[in-house]
Amino acid sequence: MRTYDCSLYLITPPMLDPDFPEQLKAALDAGDVAALQLRLKDVADEEICRAVDLVRPIAQSRGVALILNDRPDLAVQTGCDGAHVGAEDLAPGAARKVLGPGLQLGVSCYGSRDLALRAGEEGADYVAFGSFFDSGTKETGQRADIEVLSWWAELMELPVVAIGGIDAQNCASLVRAGANFLAVIGAVWRHPEGSAAGVRAMNAAIAGA
């Protein structure tokens, strides 16, 4: 199996509190973070655009890619670095057409090898597998087997993201299996000592894996 470096892929909380910009700055300044996904469900386009305008300069000024969940069209419109789509969103090929060749496309593949292979064929820049553990933020749907990470890492060059209930206590096996990125929400935003401590704890756990 190839040896991978592994980085954090932060996902925003379901709701952005007024102090979220300061929490975000603290998190991104605390250690290695590769990407930030803005994920807001069941809100108007205007609210999504306002949120992008709020977080984009914070992320991009620190070299952190801003990925918009669900909406490739708004990702293009608002200056994001890419978009992430799932089974209920645009198909990967259609999302790639909207984004064009220059923006990043991520695709949720749950535990499905077929979905991942199809996503790669249709222009995804990374695939995401999960949920691996119970999540306190999102209802756990399909559970992925950790072996899917090892399978992908052995066969494919395309980066892979692990998602779902990941924290500093349980992430080591995912890192060892070949995950390029660990997508986390609660491990950072719900850390009892704040978002910066959450990032530091995750990076320490990754390094120790």
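The values are calculated or read from the model by the stated rules, or taken from the named source; none is laboratory data. On a predicted model such as this, the values are computed, not experimentally measured, just so you know. Cβ atoms come from the backbone with ideal geometry, glycine included; neighbour counts cover every protein chain shown.
Residue-level check: of (1) over 22 Å from Ala209 (Cα atoms); (2) in contact with a strand residue (DSSP E or B) (Cβ under 7 Å, 6 or more places away or on another chain), Asp42 misses just (2). With respect to the conditions (1) over 29 Å from Ala30 (Cα atoms); (2) modelled with pLDDT of 95 or more, Ala87 falls short on a single one, namely (2). If you go through the stretch 189-201 and keep only what is among the hydrophobic types (A, V, I, L, M, F, W, C) and buried (at least 19 other Cβ atoms within 10 Å of the Cβ), you end up with Trp189, Val199, Ala201. It is to be established whether one or more residues within the stretch 31-50 are at pLDDT below 95 and in contact with a Ser or Thr (Cβ under 7 Å, 6 or more places away or on another chain). The answer is no; no qualifying residue exists. Restricting the first member to the stretch 183-209 and to residues that are closer than 16 Å to Lys25 by Cα, and the second to residues that are modelled with pLDDT under 95 and surrounded by fewer than 21 Cβ atoms within 10 Å (Cβ to Cβ), the beta-carbon pairs closer than 7 Å and six or more apart or on different chains are Ile185/Thr137. Of all residues in the stretch 104-122, those satisfying the criterion of being under 19 Å from Leu38 (Cα atoms) and surrounded by 21 or more Cβ atoms within 10 Å (Cβ to Cβ) are Leu105, Gly106, Val107, Ser108, Cys109.
Each residue in the stretch 16-50 was checked for being touching a residue at least 24 places away in the same chain (Cβ under 8 Å), assigned to a loop (DSSP other than H, G, I, E, B) and of a type in the set (A, V, I, L, M), and 5 pass. Taken together, Asp125, Asp167 contain a single residue that is among the acidic types (Asp, Glu), within 16 Å of the chain's Cα centre (by Cα) and either closer than 21 Å to Val76 by Cβ or surrounded by 22 or more Cβ atoms within 10 Å (Cβ to Cβ) (or both), which is Asp125.
When the stretch 170-188 is filtered for residues that are in a loop (DSSP other than H, G, I, E, B) and either of a type in the set (Ser, Thr, Tyr) or surrounded by fewer than 18 Cβ atoms within 10 Å (Cβ to Cβ) (or both), only Asn170 remains.
For the stretch 134-146, state whether one or more residues are among the β-branched types (Val, Ile, Thr) and not in a loop (DSSP other than H, G, I, E, B). The answer is no; no qualifying residue exists. Selection of first residues in the stretch 76-88 that are closer than 15 Å to Ala35 by Cβ and acidic (Asp, Glu) and of second residues that are surrounded by 22 or more Cβ atoms within 10 Å (Cβ to Cβ) and at pLDDT 95 or above, restricted to Cβ pairs under 7 Å at least 6 apart or on distinct chains, gives the following pairs, ordered by first then second residue: Asp81/Leu66; Asp81/Ile67. Within the stretch 189-209, being more than 14 Å from Asp5 (Cα to Cα) and either within 13 Å of the chain's Cα centre (by Cα) or part of a loop (DSSP other than H, G, I, E, B) (or both) holds for Arg190, His191, Pro192, Glu193, Gly194.
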